[in-house]
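Only one structure is covered here, and it is reproduced in the block below.
The values are calculated or read from the model by the stated rules, or taken from the named source; none is laboratory data. This structure is a prediction, so every number in the text was calculated from the model and none was measured. Reconstructed Cβ throughout: ideal geometry from the backbone, glycine too, with neighbour counts over all protein chains shown. Heavy atoms of the whole protein, side chains included, go into the accessibility calculation; ligands, DNA and RNA do not. Shrake-Rupley method; radii C 1.70, N 1.55, O 1.52, S 1.80 Å.
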Amino acid sequence: MSYDLLIRNGTVIDGTGSPQYRADVAVAGGRIVQIGKISDGAKREIDASDLIVAPGFVDPHTHYDAQIDWDALVSCSSWHGVTSVVMGNCGVGIAPCRPEQREALAWDLVNVEGMSFNVLSKGVRWEWQSFPEFMVAGRQGMGINLGFLMPLSPFRSYVMGEEAQERAATADETTRIAALLREGMKAGALGFSTTVATQHVGYRGRPLACRLASREELGAYARVLRELGYGAIEVNLGGAGSSILPQGSPELIDFLLSESRRPVTWLSVQTRSDQPTAHRELLSNTDALIKRGGIPQASCQPTEIQFNLRNPFLFGPYEVCHQLFNRPIEEQARIYADPNFREAFREAYTRVPKAFSGQWQRIEVCKVKNSRHQSWLGKNITELSKQQSKDPLDTFFDLALADDLGTEFAMAVLNFDPGLLQEVITDPRVLIGLSDGGAHVDMLCNTGYPTYLLGTWVRERKVMSWERAVQRLTSEPAQLFGLTDRGVIAQGKAADLVIFDPRTVAAGDKEMIYDLPGGEGRFVQRAEGIQWVIVNGSVLFAEGKHSGTLPGQVLRGGGR
Ligand SMILES: [Zn+2]
């Protein structure tokens with residue numbers, strides 16, 4: 001027989017955690033049809049000698065709900081070998097939606113996920129009202145597979161209007177919201193998501209609608225999954241990096257587990273060097289919940305924010321810095337140069353350390369405006385201040401002033417101590433995820449976590465086997481969301497495959513590119529060593545180049 005695609009001589013890592021083996025993999029009709037020594041021919045052959053053939057990666061935590069309207073390749077995830085993404089996390093999204101609610105839902109994404117209102121106005125097509133309509137609207141012709149969680153905020157707003165941001169639903173409204181969720185599940189949604197994080201402020205500065213859902217409501221929604229017997233719940237609890245969950249959160253997870261009898265994945269386990277045992281304590285404090293199916297998510301890479309002093313959003317918590325916002329560059333420069341400002345700023349962040357805390361060794365120069373300053377690149381402020389025999393705070397501002405405030409700094413916010421992070425990512429209780437793909441794109445890009453796990457943790461640091469890392473990136477997230485057809489290489493499964501070079505696979509450089517609707521910028525991260533990406537049996541990327549095909553599908557929960 002002749003196959004559609006034959007991958008020859010690869011080292012197969014099948015996603016289950018089993019040891020690697022040499023085999024050919026044959027694909028026909030979008031499925032893996034044979035594995036072993038294959039002598040028949042195929043329409044297309046790939047020589048995978050010296051390469052690893054793995055299931056395509058499954059990213060469990062993204063916010064591509066809007067981006068899929070303008071970016072068929074769902075970048076940067078697909079560049080890194082991700083063949084399926086789960087969207088609609090954290091209770092925020094753009095469906096269901098009545099026409100008059102579009103602006104409010106877009107502002108929710110601006111406030112919670114750091115998207116640009118201008119980009120959303122230009123890019124989102126709004127070709128739906130109901131959630132099932134959202135799932136099919138123009139979703140043919142995507143590069144990779146899309147999994148849909150139903151974010152609770154738009155469901156509440158759809159039924160309750162603006163009062164969704166003011167109060168709990170009545171019994172009648174609860175029944176109607178639950179019916180919409182049931183309809184979404186039957187159309188293939190993977191479950192629903194919500195947040196209780198107090199920093200999640202929605203349209204017009206009021207709480208994001210899902211935060212006001214009562215226990216009665218959440219119980220009714222969870223019982224939809226119980227009744228159907230499939231699906232998962234995702235909850236953002238806020239309070240990242242502490243040793244205990246925010247108040248009421250353990251009870252909430254316990255309640256959702258009992259009512260749904262389905263997995264509940266929650267955010268998040270993070271490591272911080274100022275509280276080096278917090279992640280360990282959090283995991284032991286929540287052990288009983290984890291055993292019952294309450295799965296914490298963790299990141300496998302440092303969370304790094306990139307910024308320059310023209311846009312001082314990191315200094316937002318400090319009153320003394322408010323004079324810097326939206327000012328001409330000369331005025332900003334004058335303020336940054338003022339010794340009184342510097343002292344007031346030092347006093348402010350020392351008193352209340354927030355995201356910006358004056359930990360200078362964590363702030364590194366990653367781009368300079370004027371090429372004269374090349375020698376600063378890759379150095380942190382502590383190093384540079386020693387070189388210049390100057391106070392670090394003065395060094396920081398003086399560098400930027402000498403470079404017309406164009407210097408780009410990268411600051412590690414969480415998970416920057418490899419020793420601590422190693423404990424988390426090797427802990428079988430956590431699910432690796434948190435890429436947040438599609439969100440906060442003007443500040444960070446964490447969508448390259450699969451290549452980071454493989455390149456940094458497996459090849460360089462040798463803390464995990466290739467087999468275990470692939471399992472963490474494939475079958476673990478696929479199982480959580482009931483994607484029984486994905487995440488493993490086995491006969492009969494969907495042919496989502498990534499072929500990578502174990503000698504070179506790595507998360508590459510991050511850079512700002514200006515390709516968003518309206519020409520706005522976003523951070524992207526390049527992938528190294530990802531040779532071939534195959535989605536539903538079709539080659540999406542051949543040696544890193546898009547083949548022109550768009551073989552992605554809408555994923556359906558419940559094993560269908
Ligand atoms: Zn999220």
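Among the listed pairs Lys386/Lys462; Lys369/Lys462; Lys122/Lys545; Lys37/Lys186, those whose Cα-Cα separation exceeds 31 Å are Lys386/Lys462; Lys369/Lys462; Lys37/Lys186.
Averaged per residue, segment 353-495 has 37 square angstrom of accessible surface, using a 1.4 angstrom probe with ligands and nucleic acids left out.
Order Cys366, Cys300 by their accessible area, 1.4 angstrom probe, all chains in place, largest first.
Final ranking, largest accessible area leading: Cys366, Cys300.
Annotation: peptides 204-213, 136-145, 477-486, 334-343, ranked by per-residue average of other Cβ atoms within 10 Å with the highest first, follow the order 477-486, 204-213, 136-145, 334-343. On full extension, the segment bounded by Leu377 and Arg461 gains 27.8 nm, given 0.36 nm per residue less the C-alpha separation. Each of Val124, Gly114, Pro99 was scored by the projection of its Cα onto the charge dipole of segment 96-135, and the greatest displacement toward the positive side belongs to Val124; charges sit on the C-beta of Lys, Arg, Asp and Glu. For the chain, the 222 nm mean residue ellipticity estimated from helices alone, with every DSSP H stretch of n ≥ 4 adding -39500 (n - 2.57) and the total spread over all residues, rounds to -8000 deg cm²/dmol.
Distance between the modelled labels on Ala402 and Thr426, one decimal in nanometres: 4.2 nm (7 Å Cα→Cβ projection).
Based on C-alpha pairs under 8 angstrom that are at least 6 apart in sequence, segment 341-443 has a relative contact order of 24 percent. Looking at the calculated P(r) for segment 1-69, what percent of the C-alpha pair distances fall above 21 Å? Pairs farther apart than 21 Å: 36 percent. When the alpha-carbon atoms of segment 354-493 are used, the pair Rg, Dmax equals 19.8, 65 angstrom.
Across the alpha-carbon set of segment 408-560, the Rg to Rh ratio works out to 0.96, Rh being the Kirkwood radius.
With contacts taken as Cα pairs under 8 Å and at least 6 residues apart, segment 4-99 reaches a relative contact order of 26 percent. Site pair Ser130 and Tyr514 shows an inter-label distance of 4.3 nm when each label is modelled 7 Å from Cα along Cα→Cβ.
Please name which of Phe396, Gln361, Leu414 has its Cα lying farthest along the dipole of segment 336-427 towards the positive end, using unit charges on Cβ (Lys, Arg +1; Asp, Glu -1) and the Cα centre as origin. Highest projection toward the positive end goes to Phe396.
Protection proxy ranking of 520-530, 447-457, by the mean of other Cβ atoms within 10 Å over each peptide's residues and highest first, is 447-457, 520-530. Accessible surface area normalised per residue over segment 66-184 is 30 Å², counting heavy atoms of protein chains with a 1.4 Å rolling probe. Working from label points 7 Å from Cα in the Cα-to-Cβ sense, the Arg223 to Asp417 distance is 4.6 nm. Dipole of the chain computed with +1 at Lys/Arg Cβ and -1 at Asp/Glu Cβ about the Cα centre; of Ala72, Leu314, Tyr230, farthest Cα towards the positive end is Tyr230. Within the assembled protein chains, the solvent-accessible surface assigned to Arg215 is about 100 Å², based on a 1.4 Å probe. Extension gain for the segment Ser214 to Val554, taken as residue separation times 0.36 nm less the Cα-Cα distance, is 119.3 nm to one decimal.
Taking a virtual spin label 7 Å from the Cα of Ser547 along the C-beta vector, which residues in segment 52-95 bring their backbone nitrogen under 19 Å of it? Inside the label zone: 52-58, 72-75, 77-85. Extension gain, Lys122 to Asn311, is 65.7 nm, computed as 0.36 nm per intervening residue step minus the present C-alpha separation. What FRET efficiency, computed as 1/(1 + (r/R0)^6) with R0 = 41 Å and r the Cβ-Cβ distance, is obtained for Glu103 and Asn340, rounded to the nearest 0.05? Computed FRET efficiency for Glu103 and Asn340 comes out at 0.45.
Computed on the chain, the Cα convex hull volume stands at 146 Å³ per residue. Computed over protein heavy atoms with a 1.4 Å probe, the carbon and sulfur contribution to the accessible area of the chain reaches 49%. Under the convention that each Lys and Arg Cβ holds +1 and each Asp and Glu Cβ holds -1, the size of the dipole of the chain around its Cα centre is about 900 debye. Roughly how many Å is it from the Cα centre of segment 110-179 to that of segment 367-389, as a whole number? Between the Cα centre of segment 110-179 and that of segment 367-389, the gap is 45 Å.
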